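The values are calculated or read from the model by the stated rules, or taken from the named source; none is laboratory data. The structure displayed is predicted, hence computed values, not measured ones. All Cβ positions, even for glycine, are placed from backbone atoms using ideal geometry, and neighbour counts span all protein chains on display. The protein model used for the area step is the full one, side chains on, heavy atoms only, and it has no ligands, DNA or RNA in it. Shrake-Rupley method; radii C 1.70, N 1.55, O 1.52, S 1.80 Å.
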Amino acid sequence: MPEEQFYDARYDIASEITEETVKLAISGLNTASKDEKILIHLPYNNGGETDAAIELIEAVKATDATVTIEADRYVISAAAFIFVWFIVYPEDHVSVDTTDEIGPIIIYHRPRYVMDDDRIEFLSDITPQTLGWDDLNFITDKFDAVFDELLGLLGYDPSIHQVDAGARFSLEHDKNAYYSNYDVAIPY
């Protein structure tokens, strides 16, 4: 369990990532001074809007404050993307932490759109002529890059025949599952 720290501001973004749930945190990050410490707490977060996740990431990167991104219990989808982003692309003023010694459950998957209020569509399900394809292509590229970087940090090396690589073999399964549009549980 992390040691108790003092923060000048704490933003709890529980349950989901939306324009509304990240708005206060982004505003605080944008106006923070260099000597401030800010906690972005993601308790039991199911993810949500990828645009809101990108906006929050950009605000964290641009702020003058010292920021801690803290996962609590689980982070899924867009929340996992935010949490993992700062693991694979570290910033001097940002740390990634968890409220539990064993770490959060991190569920990561490729972005998807809900079409016609009932169908889930991944990029591979639609064509470039489909409304929303450009946006989904853009965010899928970002999610894929973060996932591939994370696999590398975990020891995945595509030049090694993974069957002969022992424990790293499971990373080959994770990669195959992810690129087949399944959810992947990521160790922390």
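Normalised radius of gyration for the range 97-164, please: alpha carbon Rg relative to 2.2 N^0.38 Å, two decimal places.
This ratio for the range 97-164 stands at 1.48.
Using the Karplus curve 6.51 cos²θ - 1.76 cosθ + 1.60 with θ = phi - 60°, work out ³J(HN,Hα) for each residue of the range 60-69 in order, rounded to whole Hz, and write x for Gly and Pro.
3J(HN,Hα) across the range 60-69, in whole Hz: 5, 4, 8, 5, 7, 6, 8, 10, 10, 9.
Taking the highest mean first, how do the peptides 101-114, 79-92, 129-142 order by number of other beta carbon atoms within 10 angstrom per residue? Provide the component values of the computation, followed by the final result.
Numbers: 101-114: 17.2, 79-92: 20.1, 129-142: 13.6.
Packing order, densest peptide first, comes out as 79-92, 101-114, 129-142.
Show the residues, 5+ positions off or on another chain, whose built amide H is closer than 5 Å to the amide H of Leu39.
Amide H to amide H, under 5 Å and 5 or more residues apart or across chains, Leu39 pairs with Ala9, Arg10, Tyr11, Thr68.
Could you name the lysines whose alpha carbon sits less than 28 Å from that of Lys175, not counting residues in the same chain fewer than 8 places away?
Lys175 reaches Lys61, Lys142.
If I compute Cα Rg over 2.2 N^0.38 Å from the structure I just sent, which labelled value in (1) 1.07; (2) 1.00; (3) 0.95 lines up?
Matching entry in (1) 1.07; (2) 1.00; (3) 0.95: (1).
For the range 20-33, just list the computed ³J(HN,Hα) in residue order, Karplus coefficients 6.51, -1.76 and 1.60, θ = phi - 60°, integers in Hz, with x standing in for Gly and Pro.
Calculated HN-Hα couplings, in order: 5, 6, 9, 4, 5, 5, 4, 4, x, 5, 5, 9, 6, 9 Hz.
Show that you can apply the helix-only estimate: for the chain, add -39,500 (n - 2.57) for every DSSP H stretch of four or more residues, divide by all residues, and state [θ] at 222 nm to the nearest 500.
Mean residue ellipticity, 222 nm, calculated: -12000 deg cm²/dmol.
Ignoring any ligand, DNA or RNA, what whole percent of the accessible area of the chain comes from carbon and sulfur when the probe is 1.4 angstrom? Each step should come with its number before you reach the end.
Numbers: 5030 of 10100 Å².
Whole-percent figure for carbon plus sulfur exposure: 50.
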